[in-house]
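So the structure is just underneath, and the comments pick up after that.
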Amino acid sequence: MLEIIYLNAAKQEQTITFDSYADFERSQQSCSINLADYYKVVKLSYKGHDLAYSGTYGDIFFYLLKQDLSQFE
C-alpha cells in the first residue's frame with residue numbers, strides 16, 4: 001500500500017492511500033485524483049516503510065520512478 005499524508009489548502013493533514021504502486025500510477029496518468037500538485041507532502045510510505053520524501057504531491061510520481069521499490073517486496 002502507498003500512503004501519502006499531505007497538507008491541504010487549509011494546512012490540515014489529509015491522507016490518501018492506494019492499494020498498490022500501479023494504482024497510484026494509473027491515478028496519475030488518468031488524472032483521476034483531484035489534488036493540487038503544490039500540496040506539501042508530510043509523509044510518504046510504501047508497504048509501511050517511510051520513504052523519507054520531502055516535496056510536493058506533484059513530484060511524487062517522478063520521485064518514485066527513481067526508487068527501487070522492489071526492495072520492499
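The values are calculated or read from the model by the stated rules, or taken from the named source; none is laboratory data. All figures in this text were calculated on a predicted structure; none of them were measured in a lab. Heads up, the Cβs are rebuilt from the backbone with ideal geometry, glycines too, and the neighbour counts pull from every protein chain shown. For accessibility, only protein heavy atoms count, side chains too; no ligands or nucleic acids. Shrake-Rupley method; radii C 1.70, N 1.55, O 1.52, S 1.80 Å.
Data for the structure
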item	result
Computed [θ] at 222 nm, helices only, for the chain once each DSSP H run of length n ≥ 4 contributes -39500 (n - 2.57)	-6000 deg cm²/dmol
Extended-chain gain in nm, criterion 0.36 nm per residue less alpha-carbon gap, L65 and D23	13.7 nm
Descending semi-axes in whole angstrom, ellipsoid equivalent of the chain, from the Cα gyration tensor	19, 14, 11
Computed label-point distance, nm, for sites C31 and F72 using a 7 Å Cα→Cβ extension	2.7 nm
Average accessible surface area per residue within segment 2-72, 1.4 Å rolling probe, Å²	62 Å²
In degrees, nearest ten, helix 21-30 long axis to first principal axis of the chain (Cα)	50 degrees
